[in-house]
1. Taking a probe of 1.4 angstrom, what is the accessible area of residue 30 in Å², to the nearest 10?
2. How much net charge surrounds residue 47 when only other residues with a Cβ under 10 Å from its Cβ are counted (Lys, Arg +1; Asp, Glu -1)?
3. Rounded to a whole number, what % of the accessible area of the stretch 1-138 do carbon and sulfur atoms account for, probe 1.4 Å?
4. Mind checking which of 29, 13, 42 is farthest towards the positive end of the chain's charge dipole, using Cβ charges of +1 (Lys, Arg) and -1 (Asp, Glu) about the Cα centre?
5. Once you mark the GluC sites (Glu not before Pro) that are in a DSSP loop and have at most 10 other Cβ atoms within 10 Å, what is the longest gap between them in the chain?
6. Using DSSP to define loop residues, name the trypsin sites (Lys or Arg not before Pro) in the stretch 103-154 whose beta-carbon has at most 16 other beta-carbon atoms within 10 Å.
7. Have a look at 20, 143, 108 and tell me which one the Gaussian network model of the chain (Cα, springs below 10 Å) gives the largest fluctuation.
8. What's the magnitude of the charge dipole for the stretch 87-172 around its Cα centre, counting Lys and Arg as +1 and Asp and Glu as -1 at the beta-carbon? Answer in Debye, nearest 20.
Amino acid sequence: DAELAELMRVLRSEFDFSAAGEYAIEIDPRTVTPERVAFLAQLGFNRISLGVQDFDSEVQRAIHRVQGFEETQAVIRAARKHGFRSINVDLIYGLPKQTLEGFARTLALVTGCDPDRVALYSYAHLPAQFKPQRRIAEADIPAPEAKLQLLTMAIERLVSAIRPDASQGEAP
């Protein structure tokens, strides 16, 4: 935390930070506590993006990224409590072991947290470029048809979750 505080001090000494500015940070909810969220707000961050990918435990084990919903929800609550103006959740479709039922549960959990934005990314299996992907069994990756079904279902669920009062008509 001291290094981040020093970085922000140096940046503020060299640049004029507008009070109306948007200052974003991307975090891993597995490593950030509600107390750290408060610290980030004190440093001036007002937008936060959380990497979730999927809450299905089988998918998480397949991608070697186990993360509980409760810890993610705690970070979202802390961000709201400490005045973050925008909360984003990153999801990925087409992950190993991902199913329509499991991803539907993830989408329900995420939309229940009422984030301001949801970024939905397609999984790209590139083990030659990304060493951690070499541990993923290619047989566990959904077929193209299944991946398209995941995307279609996600779009439908996310569009139906848009609040009528959503600012500027943005999709979640």
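The values are calculated or read from the model by the stated rules, or taken from the named source; none is laboratory data. What you see is a predicted model; the values in this text were computed from it and never measured. As a convention, Cβ positions derive from the backbone with ideal geometry for all residues, glycine included, and neighbour counts pool all protein chains shown. To get the accessible areas, we keep the full protein, side chains included, count just its heavy atoms, and leave off ligands, DNA and RNA. Shrake-Rupley method; radii C 1.70, N 1.55, O 1.52, S 1.80 Å.
1. 90
2. Local net charge: -1.
3. Numbers: 3950 of 7470 Å².
Ligands and nucleic acids excluded, carbon and sulfur reach 53 percent.
4. After comparing all options, I get 29.
5. My reading of the result: 23-169 is the longest stretch.
6. Those that pass, being in a loop and sparsely packed, number zero.
7. Highest fluctuation of the listed residues: 20.
8. Details: 9 positive and 10 negative charges, 76 e Å.
Charge dipole, the stretch 87-172, about its Cα centre: 360 debye, nearest 20.
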